[in-house]
Amino acid sequence: MMLEPITVHRRLLAARPGWTARADVIVVGSGIAGLTAALRSRAIGRTVLLVTKAQVNEGSTRWAQGGIAAALSDEDSPDQHLHDTLVAGVGLCDEAAVRILVTQGPAAVRELMDVGARFDRDASGAIALTREGGHHRDRIAHAGGDATGAEISRALVAAVREDPGIEVVENALALDLLRDEQGAAQGVTLHVMGSGQRDGIGAALAPTVILATGGFGQVFGQTTNPYVSTGDGVALALRAGADVADLEFVQFHPTVMWLGPHAQGQQPLVSEAVRGEGAVLLDGSGERFMVDEHPMADLAPRDVVAKAIMRRMREEGSAHVWLDGRQLGADTWLQRFPTILESCRSRGIDPVTDLIPVAPAQHYVSGGVRTDLWGRATIPGLYACGEVACTGVHGANRLASNSLLEGLVFARRIVMAMTDDAAVVRDPLPPGSHEGLLPHDARRPLQQVMDTEAGVLRSADSLGIAAQRLRELGLRGGATPSTEDWETTNLHQIATVLVRHALLRTETRGSHWREDHPTRDDDRWRVRLVTRVDDAGRLTTSEEPVTGASA
Ligand SMILES: Cc1cc2nc3c(=O)[nH]c(=O)nc-3n(C[C@H](O)[C@H](O)[C@H](O)COP(=O)(O)OP(=O)(O)OC[C@H]3O[C@@H](n4cnc5c(N)ncnc54)[C@H](O)[C@@H]3O)c2cc1C
């Protein structure tokens, strides 16, 4: 398929850096991936500057409810975890990456406990494990019932705060990559809302830059992601010339609480673990429609459940379906899901006695900055881990609770790779031309068109509308450098690549659902779409064959 040529800005419009900071390693982002990368970097004696755009505990990590998946019980094995992950990824997982995830996962989770994370235990004192959609074994470790991410974040932040070799700079928004004459990373430009010497635009210099900026849920109007999830790391890497891949694979969580037709931004999630404990989906007439959809019924992989819900909503002309968790009983709700219980009750719904209205909303992105098995991006000295990265682990769809694990495992591997990679300190080149910026009033129309034309249901027509609207929005002027305008530009660049990939991929696979191409096409599409920007800002997209897994 021929696409119109697209050019994007190579740098965000910003003032020249007015101050400089130096370290051995710069970590951008303070979720599970960034905090782990910082701690592991210290373990090999590197000094770390950890910059994060809001408070240190902001990000998706602290919102994670269900838990972290790892083969921790005697009844489970990495091979079974591998199998379930490959099935969920629908033939696009990089099998070598998945094997690393599942074999190194259990040790990484135990190390997290050594750092201080306290997981829930059963009566015998063993780690309590539950099951989520797509898993054939109980392998989800959780904390505080449904407050897993908050506990992980608490433990990692405490450990980082205790280490004098890690300097944490909050309210520091990374803008663009600084590169030397060899093309290698030498730091980032960033905007700090601080005081004293570190205020305004500065340059954080290091020959090793680890992106851990999380996902880009804010590309859509309704998402479970917090406000910081604007995909800054993916856009930064793209502008710098790194490969980004798999952006078309956006996971929509099937059971996000429906708050009405005008709800926007971060929406409350009702974890899959609630269905793992026995809750079921009902349509408007009270029918359990998942039973005929998949052998695993309500615990089918997420894309299967999200699509079945969308179909049923369309048939019924309704804006949501229902989640029935009444049979769990008050005790289970209180002990296992205190956060969700409170979240429902604060909105006037008591899940012990009431049905919960739910509908799919954006939740997770499988794609991102393309890395090798050691977290290396395609620019020397640049690494990525966590949701910002595309290791190939998730393929066309992420298996529930594999993302926290991916952040942990691949952050550790980056630091192992750093000991081999030559990190040479050189002066960064001054910022080049091709600067630009989009005004923040483009954000809402961008999200609207992404929701309606590039969300769960896609077609050539809808994606064509989205592409055209994005082109129009890209022509808007009047931006002045500010957080909102920098973020809006990032969202626009990501949306542009996402729609491009979604248009090109003329098949339905995993979380990418084309109504005009409703079947999976392995002969044509067992490839990964990879996009990069050339020196003139032109996007080029190529195909990378997928190795190993075929599920
Ligand atoms: C509601 C919800 C529930 C979830 N439940 C689960 C679950 O049960 N199990 C599971 O495995 N996964 C779950 N996920 C997904 C999982 O939480 C995320 O994939 C994971 O936490 C991502 O971690 P991360 O470290 O990559 O990014 P994040 O935790 O999102 O952290 C990103 C960090 O980067 C910072 N940042 C962003 N841009 C910039 C910038 N330009 N400059 C400086 N800093 C920046 C942010 O402020 C933040 O500190 C859930 C996600 C959500 C939203």
- Message: Exactly one condition in (1) open to solvent by 20 Å² or more (accessible area, probe 1.4 Å); (2) within 16 Å of the ligand (Cβ to nearest atom) is false for residue 420; which is it?
- Response: (2)
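Conditions (1) modelled with pLDDT of 95 or more; (2) near the ligand (Cβ under 10 Å from one of its atoms), marked per residue:
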site	(1), (2)
221	no, no
228	yes, yes
247	yes, no
265	no, no
- Task: Tell me, yes or no, whether the stretch 47-59 has at least one residue that is away from the ligand (no atom under 15 Å from the Cβ) and out of contact with any His (no Cβ under 9 Å at 6 or more places or on another chain).
- Result: yes
- Mind checking which residues of the stretch 25-45 are in a loop (DSSP other than H, G, I, E, B) and open to solvent by 60 Å² or more (accessible area, probe 1.4 Å)? 44
- Residue identified as modelled with pLDDT of 95 or more and either part of a helix (DSSP H, G or I) or among the β-branched types (Val, Ile, Thr) (or both) among 234, 304: 234
- Query: Name the pairs: first residue in the stretch 24-52 and among the charged types (D, E, K, R), second residue open to solvent by 10 Å² or more (accessible area, probe 1.4 Å) and part of a helix (DSSP H, G or I), Cβ to Cβ under 6 Å, at least 6 apart or on different chains?
  - Reply: 40/412
- Query: Do we find that residue 262 is part of a loop (DSSP other than H, G, I, E, B) and over 30 Å from residue 445 (Cα atoms) in this structure?
  - Reply: no
- Does at least one position in the stretch 71-85 carry a residue that is within 24 Å of residue 415 (Cα to Cα) and open to solvent by less than 10 Å² (accessible area, probe 1.4 Å)? no
- Checking residue 8 against (1) of a type in the set (Val, Ile, Thr); (2) open to solvent by less than 40 Å² (accessible area, probe 1.4 Å); (3) modelled with pLDDT of 95 or more, the condition it does not meet: (3)
- Message: Just the residues that are open to solvent by 70 Å² or more (accessible area, probe 1.4 Å) and among the hydrophobic types (A, V, I, L, M, F, W, C), please, taken from the stretch 542-551.
- Response: none
- In the stretch 464-507, the residues that are under 21 Å from the mean Cα position of the chain (by Cα), away from the ligand (no atom under 16 Å from the Cβ) and either farther than 16 Å from residue 3 by Cβ or without any contact (Cβ under 8 Å) to a residue 12 or more places away in the chain (or both): none
- In the set 190, 178, which member is crowded, with 21+ Cβ neighbours inside 10 Å, hydrophobic (A, V, I, L, M, F, W, C) and more than 24 Å from residue 55 (Cβ to Cβ)? 178
- Note on the structure: Of the candidates 375, 367, 386, 395, the one satisfying the condition of being closer than 25 Å to residue 88 by Cα, modelled with pLDDT of 95 or more, in contact with a His (Cβ under 9 Å, 6 or more places away or on another chain) and among the small types (Gly, Ala, Ser) is 367
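Every residue, every condition in (1) in a helix (DSSP H, G or I); (2) open to solvent by less than 30 Å² (accessible area, probe 1.4 Å); (3) modelled with pLDDT under 95; (4) out of contact with any Leu (no Cβ under 9 Å at 6 or more places or on another chain), yes or no:
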| site | (1), (2), (3), (4) |
| --- | --- |
| 494 | yes, yes, no, no |
| 497 | yes, yes, no, no |
| 503 | yes, yes, no, no |
| 506 | no, no, no, yes |
| 517 | no, no, no, yes |
| 524 | yes, no, no, yes |
| 529 | no, yes, no, no |
| 535 | no, no, yes, yes |
| 540 | no, no, no, yes |
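Quick grid of which residues meet (1) outside any helix (DSSP H, G or I); (2) at pLDDT 95 or above:
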position	(1), (2)
406	no, yes
416	no, yes
433	yes, no
451	no, no
455	yes, no
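The values are calculated or read from the model by the stated rules, or taken from the named source; none is laboratory data. On a predicted model such as this, the values are computed, not experimentally measured, just so you know. All Cβ positions, glycine included, derive from the backbone under ideal geometry; neighbour counts span all protein chains shown. Accessible surface areas use protein heavy atoms only, side chains included; no ligands, DNA or RNA. Shrake-Rupley method; radii C 1.70, N 1.55, O 1.52, S 1.80 Å.
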